[in-house]
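Working notes, beginning with the structure itself.
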């Protein structure tokens, strides 16, 4: 099992793209791996032939370093590996002399032909039965413990339509669930009520690898980073008019969102109050506060497998059109599970916007470590405010409520308040975002 991200400790096996006997060239996709962050393609970087698959599609929580397949050089006889097991792949020591198995050992020990595992492991796992069949004699796995293989678009549609993906029968390669399977799904009719007592009215759904990672990181963040919160109401009337004017003159080249303006405003505020654009670090055994020279804004994106925060880099040095294009591209690939690790790991500040949900006036966000700040954005509301020169009339103003969470280890309260003030100034006078 390869480590496809720095935080990955285990992964789930998705759909195998090659079968035993297939030749593989450098760069060929061998298998889909669900990491702690996304579903990614594992590209093999050597020439060879796939001799044996040790971990089938659907296997969960395979530790990094454990063998998942056997590769041999092209031209080698793959039939010699039919009875190859995880014990053989892990290099377990030979059986004790008092229980010899001469014939079995001879057949299960492949010739030394330059075979290689992908990748080797440090400690062997208990050996499962070799050549498991699909009949009832094979190894059984409880249905609740196994997450079916499904394409990213199928997962997204199932989440949107509320379809229980475990009840869908896949028609794709290897039984993989594809988008059309979700579209055609018809829920089975509920069983007729009987006089017997009803069973439990719930289902225990195993947490995915990504959900476990999200839980672990955010619990650590809240426990280890002393959060404090600063909220403010921002008038966005001028910003909305500027957005409308720019989009009207774009001739279809771009379409700016309110979030694009807010991302840029975050960067402007971070440059004016650089202490916020910092993180708590340990370097060479010494604790330091690292102040970053560029503002890389992580943008919270809801995906079918959990929250991700792809990064718009160098926001302080690019314009609104570039920001808008980057957000759209990163958001789509995040939902499709196609982000590279460097596109969601890092960042210097995070923005989480629930403004598309009209019911959310404000909310509190947990800091994304090792960053020291995150901005939570609520929905836009029409608010009556005093108008006219003497303030005796009433006007309607477009307003949003924002709440910033700061790490008190890095950012003192006065500094956090100053940052929110600078954010408010630039949002309410948005022409500065054009400079």
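For this structure, a couple of remarks:
- Members of segment 320-361 found to be touching a residue at least 40 places away in the same chain (Cβ under 8 Å) and under 15 Å from residue 259 (Cα atoms), listed by number: 320, 321, 323, 324, 325, 327, 349, 350, 351, 352, 353, 355
- Applying the set (1) within 30 Å of residue 337 (Cβ to Cβ); (2) at pLDDT below 95 to residue 285 leaves exactly one unmet item: (1).
- Selected residue (only one of 25, 3 is exposed (fewer than 12 other Cβ atoms within 10 Å of the Cβ), modelled with pLDDT of 70 or more and not assigned by TED's automatic domain parsing to the domain that holds residue 369): 25
- Only one entry in 365, 325, 404, 376 is in contact with a helix residue (DSSP H, G or I) (Cβ under 9 Å, 6 or more places away or on another chain), surrounded by 15 or more Cβ atoms within 10 Å (Cβ to Cβ) and in the same structural domain as residue 259 (by TED's automatic domain parsing), namely 404.
- The residue that is surrounded by the fewest Cβ atoms within 10 Å (Cβ to Cβ), counting only those in segment 233-266 that are in a helix (DSSP H, G or I) and without any contact (Cβ under 8 Å) to a residue 60 or more places away in the chain, is 248.
- Verdict on residue 171 being surrounded by 10 or more Cβ atoms within 10 Å (Cβ to Cβ), out of contact with any helix residue (DSSP H, G or I) (no Cβ under 6 Å at 6 or more places or on another chain) and either modelled with pLDDT under 80 or within 29 Å of residue 11 (Cβ to Cβ) (or both): no
- With a requirement of 1 or more residues that are at pLDDT 95 or above, the strands (runs of 3 or more DSSP E) lying completely within segment 290-408 that satisfy it span 297-299, 301-303, 349-353, 373-377, 381-387, 393-407.
The values are calculated or read from the model by the stated rules, or taken from the named source; none is laboratory data. Given the structure is predicted, the values throughout are model-derived calculations rather than measurements. So basically every Cβ, Gly included, is an ideal-geometry build from the backbone, and we count neighbours across all protein chains shown.
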